[in-house]
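Student: Have a look at this one.
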Amino acid sequence: MGSSATPWNQLKKDDLEIGIAAMNPKRAKRGRPKKPHGKARDCFLGSVRLTVDELAHIEEQAATAGLPVSAYARLVLTGRKVAPRQTPIEQALLVELNRSGVNVHQIAKHLNFGNGVPNDITAVLEEHRLALEKVVAAYGA
């Protein structure tokens, strides 16, 4: 024969149990856990017929929101708000406004505790004014 495998009738009892345990179909499942009842998206709405222009419009809106068409359609059909994706410029403006707003908040807190007017109030207010000018220039508001 030439093979080095032990025939099944010569295996010890422990060897057989290990082999049977390895073939057991009830082994621990791996991978992503199942979603609880009501959370899995297992219902199907059916097909929706659209014109080429309607489909192009939906695909454009989904791309603007940074979503796949199915996720965009799900949000629209369930009446949820779909926010457009922020551009890097908008994110930078938001960071700048937040930083300036934190400084103004610190000044207001300082004044509310009766500590008087801080020494750097003019610099902070100027920084806030510049941040607002950037927003106005970016949006033309």
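No lab work stands behind these numbers, since they all come straight from the coordinates. Model, not experiment: these values are computed from the prediction. Methodologically, a virtual Cβ is constructed for each residue, glycine included, from the backbone with ideal geometry; neighbour enumeration extends over all protein chains shown.
Student: What does the charge add up to near Ala138, with Lys and Arg as +1, Asp and Glu as -1, over the other residues with Cβ less than 11 Å from its Cβ?
Tutor: Values: positive: Lys134; negative: Glu90, Glu96, Glu133.
Net local charge, Ala138 excluded: -2.
Student: Using amide H atoms built in the peptide plane, which far-off residues or other-chain residues are under 5 Å from Gly66 H to H?
Tutor: Placed amide hydrogens put Arg85 under 5 Å from Gly66.
Student: Turning to a different aspect of this structure: What does the charge count around Arg74 come to, taking other residues whose C-beta lies under 11 Å from its C-beta (Lys +1, Arg +1, Asp -1, Glu -1)?
Tutor: +2
Student: For Leu94 and Leu132 in the same chain, what is the full-extension length gain: residue separation times 0.36 nm, less their Cα-Cα distance, in nm?
Tutor: Full extension from Leu94 to Leu132 adds 12.6 nm.
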